[in-house]
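Chemist: If you scroll down you'll find the structure; I have some questions about it.
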Amino acid sequence: MHDHGREEKKYWLDAPRNVTLIVYGLAAICALLVLADLFYHKHANYGFESWVGFHGAYGFTAFFLIVLAGKHLRKVLMRKEDYYDR
(Lines give C-alpha, C1' and ligand atoms only; values in the text may rest on other atoms or scores of the structure.)
Protein backbone atom coordinates (compact mmCIF):
# COMPACT_ATOMS: atom_id res chain seq x y z
CA MET A 1 0.00 0.00 0.00
CA HIS A 2 1.12 3.50 -0.72
CA ASP A 3 1.02 6.18 1.91
CA HIS A 4 -0.29 9.12 -0.13
CA GLY A 5 1.11 11.66 2.30
CA ARG A 6 4.72 10.61 1.72
CA GLU A 7 7.01 10.52 -1.25
CA GLU A 8 8.86 7.32 -2.02
CA LYS A 9 12.55 7.53 -1.11
CA LYS A 10 14.82 7.92 -4.14
CA TYR A 11 18.18 6.22 -4.26
CA TRP A 12 21.11 7.31 -6.42
CA LEU A 13 20.84 4.23 -8.65
CA ASP A 14 17.18 5.05 -9.39
CA ALA A 15 18.36 7.77 -11.79
CA PRO A 16 19.10 6.26 -15.22
CA ARG A 17 21.89 8.80 -15.71
CA ASN A 18 23.81 7.37 -12.74
CA VAL A 19 23.47 3.80 -14.02
CA THR A 20 24.72 4.94 -17.43
CA LEU A 21 27.71 6.64 -15.78
CA ILE A 22 28.59 3.42 -13.95
CA VAL A 23 28.36 1.33 -17.13
CA TYR A 24 30.54 3.76 -19.11
CA GLY A 25 32.96 4.04 -16.19
CA LEU A 26 33.36 0.26 -15.98
CA ALA A 27 33.82 0.04 -19.77
CA ALA A 28 36.54 2.73 -19.58
CA ILE A 29 38.31 0.90 -16.75
CA CYS A 30 38.21 -2.36 -18.75
CA ALA A 31 39.60 -0.60 -21.83
CA LEU A 32 42.41 0.94 -19.76
CA LEU A 33 43.28 -2.45 -18.28
CA VAL A 34 43.47 -4.01 -21.74
CA LEU A 35 45.71 -1.14 -22.86
CA ALA A 36 47.90 -1.62 -19.79
CA ASP A 37 48.30 -5.23 -20.91
CA LEU A 38 50.51 -3.92 -23.73
CA PHE A 39 53.11 -2.40 -21.43
CA TYR A 40 54.44 -5.23 -19.28
CA HIS A 41 56.19 -8.52 -19.88
CA LYS A 42 54.09 -11.60 -19.29
CA HIS A 43 55.62 -14.83 -18.02
CA ALA A 44 53.29 -17.11 -19.95
CA ASN A 45 53.38 -20.89 -19.90
CA TYR A 46 51.62 -21.09 -23.26
CA GLY A 47 51.86 -18.76 -26.27
CA PHE A 48 48.21 -17.73 -26.22
CA GLU A 49 48.54 -16.45 -22.64
CA SER A 50 50.69 -13.60 -23.92
CA TRP A 51 47.94 -12.31 -26.25
CA VAL A 52 46.70 -8.84 -25.36
CA GLY A 53 43.52 -9.09 -23.30
CA PHE A 54 43.56 -12.89 -23.19
CA HIS A 55 42.94 -13.22 -19.45
CA GLY A 56 40.07 -10.71 -19.50
CA ALA A 57 38.42 -12.42 -22.47
CA TYR A 58 38.95 -15.84 -20.89
CA GLY A 59 37.41 -14.69 -17.59
CA PHE A 60 34.44 -13.07 -19.31
CA THR A 61 33.81 -16.17 -21.43
CA ALA A 62 34.08 -18.49 -18.43
CA PHE A 63 31.67 -16.37 -16.38
CA PHE A 64 29.23 -16.18 -19.31
CA LEU A 65 29.28 -19.97 -19.68
CA ILE A 66 28.77 -20.44 -15.93
CA VAL A 67 25.69 -18.21 -16.05
CA LEU A 68 24.30 -20.16 -19.03
CA ALA A 69 24.97 -23.46 -17.24
CA GLY A 70 23.23 -22.10 -14.15
CA LYS A 71 20.11 -21.28 -16.14
CA HIS A 72 19.90 -24.86 -17.38
CA LEU A 73 20.85 -26.33 -14.01
CA ARG A 74 17.98 -24.40 -12.45
CA LYS A 75 15.55 -26.38 -14.60
CA VAL A 76 16.94 -29.63 -13.17
CA LEU A 77 17.25 -28.57 -9.52
CA MET A 78 14.17 -26.34 -9.17
CA ARG A 79 11.52 -27.57 -6.76
CA LYS A 80 8.01 -26.35 -6.04
CA GLU A 81 7.68 -23.67 -3.38
CA ASP A 82 6.08 -26.06 -0.89
CA TYR A 83 8.60 -28.88 -1.49
CA TYR A 84 9.84 -28.99 2.14
CA ASP A 85 6.37 -28.53 3.64
CA ARG A 86 5.19 -31.90 2.33
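The values are calculated or read from the model by the stated rules, or taken from the named source; none is laboratory data. From a predicted model like this one, the values you see are computed outputs, not experimental measurements. Don't worry about glycine lacking a Cβ; one is built from the backbone with ideal geometry, like all the others, and counts go over all protein chains shown. Heads up: the accessible areas ignore ligands, DNA and RNA and are worked out on the full protein's heavy atoms, side chains in. Shrake-Rupley method; radii C 1.70, N 1.55, O 1.52, S 1.80 Å.
Chemist: Nearest 10 degrees is fine. How inclined is helix 54-77 to the longest principal axis of the chain, computing both from alpha carbons?
Modeler: 40
Chemist: Can you send over the carbon and sulfur percentage of the accessible area for the chain, probe radius 1.4 Å, protein chains only?
Modeler: Accessible surface attributable to carbon and sulfur in the chain totals 65 percent.
Chemist: Here's another thing I want to ask about it. Just grab the label-to-label distance for Leu21 and Leu77, each label 7 Å out from Cα along the Cβ direction, in nm (one decimal).
Modeler: Between Leu21 and Leu77, the label points sit 3.8 nm apart.
Chemist: Let me ask something else about it. Note down the net charge around Leu68, summing +1 for each Lys or Arg and -1 for each Asp or Glu among other residues with Cβ under 13 Å from its Cβ.
Modeler: It works out to a net charge of +3.
Chemist: Suppose each label sits 7 Å from its Cα in the direction of the beta carbon; what would the Cys30-Phe60 distance come out to in nanometres?
Modeler: That separation, rounded to one decimal, is 0.4 nm.
Chemist: Also, quick follow-up: With percent of Cα pairs over 17 Å apart as the read-out, I listed [x] 44; [y] 58; [z] 73; which label goes with the value calculated from this structure?
Modeler: [z]
Chemist: Right, something else. With unit charges on the beta carbons (Lys and Arg positive, Asp and Glu negative) and the dipole taken about the Cα centre of the chain, which residue among Tyr84, His55, Cys30 sits farthest to the positive side?
Modeler: Tyr84
Chemist: About the Cα centre of the chain, what is the dipole size in debye to 20, counting +1 per Lys and Arg Cβ and -1 per Asp and Glu Cβ, all else neutral?
Modeler: 240
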